[in-house]
1. Might you check whether a residue that is under 25 Å from Asp634 (Cα atoms), touching a Phe, Trp or Tyr at 6+ places or on another chain (Cβ under 9 Å), at pLDDT 95 or above and surrounded by fewer than 24 Cβ atoms within 10 Å (Cβ to Cβ) occurs anywhere in region 263-274?
2. Under 7 Å between Cβ atoms, at least 6 apart or on separate chains: pull out the pairs that start in region 348-369 with a residue that is over 16 Å from Lys545 (Cβ atoms) and end on any residue that is among the charged types (D, E, K, R).
3. Looking at (1) at pLDDT 95 or above; (2) surrounded by fewer than 20 Cβ atoms within 10 Å (Cβ to Cβ); (3) under 28 Å from the mean Cα position of the chain (by Cα); (4) not small (Gly, Ala, Ser), which one does Asn54 not meet, given that it meets all the others?
4. Test Ser489 against the stated conditions and say whether it is surrounded by fewer than 24 Cβ atoms within 10 Å (Cβ to Cβ), of a type in the set (Gly, Ala, Ser) and free of Cβ contacts under 8 Å to residues at least 60 places away in the same chain.
5. Take residues that are without any contact (Cβ under 8 Å) to a residue 40 or more places away in the chain and among the small types (Gly, Ala, Ser) and tell me which of the helices (runs of 4 or more DSSP H) falling wholly in region 202-312 contain 1 or more.
6. Identify the residue in region 57-81 that is among the polar types (S, T, N, Q) and modelled with pLDDT of 95 or more and, among all such residues, is farthest from the chain's Cα centre (by Cα).
7. Under 8 Å by Cβ, and 6 or more places apart or on different chains, what pairs join a residue from region 64-86 that is assigned to a helix (DSSP H, G or I) with one that is at pLDDT below 95 and of a type in the set (S, T, N, Q)?
8. Return the only residue of Leu407, Leu385 being modelled with pLDDT of 95 or more, under 23 Å from the mean Cα position of the chain (by Cα) and assigned to a helix (DSSP H, G or I).
Amino acid sequence: MSNLKSVIKKSKFFQYKKSIEIRSSKDERILRHGKKDAILAAIKNTNIIYKKNNTVEDRLHQIEKLFKVVTIDITFYGPFIYFLDDKNCIYSQNEIIDNIPFNYELFIENGLNQILDRQYKDKEVGKENIQTVRIVSEFIDRICDSLKHNTNNPFAQKSIEYFQGMKTSSAKDITDALQRILFWNQLLWQTGHKLVGLGRLDKILNRFYVEDGDEELINQFLNVLHNNYYYKSNAMLGDTGQVIILGGLEENGEYFCNKYTYMILESIMKMGTPDPKALLRVSDNMPVDLLDLACKSILTGCGSPLLSNDHKVIKSLMDFGYAPSDAYNYGVSACWEPLSIGNSLEQNNLFNIEFGRVINEFIVSENYDNCFTYDDLVKGYKTSLEKHIKNCLCLLDSIKWEKDPLLTLSVKNCMETNKEISEGGAVYNNYGLLSVGLSSAINSLLNIRKYVFLERKYSLNEIKQAVINDFDNSDEMKRDFEQKSYFGSLDDESIKLTQDIMDFTELCLKDYRNRLNGKVKFGLSSPAYVNTGKSVGATADGRKKYAPFATHISNEREYNPTDLMQFSGALDYGKFKGNGNVVDMIVSPALANSGKFVRFIKSAIKVGFYQSQFNIITYKQLVEAKMYPEKYPDLIVRVWGFSAYFRDVPEEYQDALIERARVAEAI
């Protein structure tokens, strides 16, 4: 079996490994012959359409062939149809531009022909857009032909009108608009894009009056998106990227929300599924009842919404160089990383700055031995960090993007610049880095400061040997190092050092420009806190080798929610530091009281956290759910930037959540 996996990984089938495995798991051959036979059969039944070169012409030809063979499944979900054919796929030679919300609004406000009317047809991109529209229009015609054979379904005729209207006019009503979103959403998934977000859905729908029955339409729409949960999951079940952004400050200082904001949030809460997920843009002048509803939703344990503080996020985006109108209209990538909707190529989840790895490698290096003061120590760490960051930037330079006519059609600036999106046609072509292990780096440096330079309890070499030997025969030192977590506390030195390291990281990044002349930003959050830890030795915060790092912005030893929020609010996230900075909390039953929790969030918004997410769970629940998963089939947890069923979460992530919950309840 391992040889088969190796063959798949080295082959062109690897891009569709997940869909192949999902289909094979449903195959009756598993019962008769075993998994290997089922996977081989699934591979045999997978049609991958190749191309010779990475040109727009070749990509369009690929997509055209795909749309001619895709199986059209006219199954109605209420008034909607939505289908994904995982047996017919296209192969990509380079990296696909994904992990961004699509510009659905463009195709709700316009028919395809209306978009072309405004094209400069003598430009190369204009000619490519004409080809793209022709291919999509022919696919729409295929769908309409299939609908004509469903005369017994009461929605069939209306659906034909909706699909034909996609070519000629703006959306007529909310059902039309939602079907257009579903159509373009499925086109992106079908063509290999992953982690496709839903954008500012309440604002997209704002032009339509709310009528009786619209709440049920929203429920059906969200359920349709959830139907392909397993197929859409990326790194882990639940990691779909289907983020719906709600609410938000306007340029005039007013807070935008409407009836759809409430309806969508209520629907997600009532569904009780981990996907789609919501991100609510919060402000200290937002309606009280909307914040109450958000807190009520969080306290159900559904994992939504993540809270994004507009006062901090918008400022950081403008500091980075976004136009005010784009900063105020921001969306996010698959988890939380801010970007401009409809104007950008922005890829914000490319690599990790590994602060924790750097502190380990620095302590065991010769440079560490040359430190005679605490200032030497910090300077030496920064020198190692700078080398690490330069390596990250080299990796960014190696990326080649796949031509993408569908996204090019949706980005207006591509026509004006006459550049395809993969060539820099968007307004913003920035990259984003994540980061992991800053907590371990800060705690390690401040532990050495205390125990070597202030109290003189240990020597630098004793700490070095303890780290090299994974604290074997150094139990007292390990206990000392574990006594206090500076990171996430209101300790002045911790806040000062954290900001210093953040500012230094920014200094290392500020002059970088990628091949498309875009900049790079970073943030203090990452999904890699478990996997990165697996390859990093011990650190001087008492962490053993290969153990997980702390989750995002958290204090997992001295759990104090108020202090943690104040710590987060004390940091400056301006300029290059705005690529998602999430306070991650396990909320204990003592705090999970509706009135108390709402007051806590109101205070936290004023304090100035950047973003925050919550797990409403008890230690006992998690332990029992791991031991007896059949008793907790619907238990949802927040993993990194998404929610998932606890039963589907890998054991190491389950264990990390269990330990965090134990600490949260013990303090």
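1. yes
2. The qualifying pairs are Asn348/Glu337; Asn349/Glu337; Tyr368/Lys464.
3. Of everything listed in (1) at pLDDT 95 or above; (2) surrounded by fewer than 20 Cβ atoms within 10 Å (Cβ to Cβ); (3) under 28 Å from the mean Cα position of the chain (by Cα); (4) not small (Gly, Ala, Ser), Asn54 misses just condition (1).
4. Numbers: surrounded by fewer than 24 Cβ atoms within 10 Å (Cβ to Cβ): yes; of a type in the set (Gly, Ala, Ser): yes; free of Cβ contacts under 8 Å to residues at least 60 places away in the same chain: no.
So Ser489 fails the test.
5. Here the list reads 288-299.
6. Result: Thr71.
7. Leu66/Asn88; Val69/Asn47; Val69/Asn88
8. Numbers: Leu385 fails: under 23 Å from the mean Cα position of the chain (by Cα).
Just one listed residue meets the conditions, Leu407.
The values are calculated or read from the model by the stated rules, or taken from the named source; none is laboratory data. The model shown is predicted, which means the values in this text are computed figures rather than measured ones. A quick note on method: Cβ atoms are made from the backbone with ideal geometry, for glycine too, and the neighbour counts reach across all protein chains shown.
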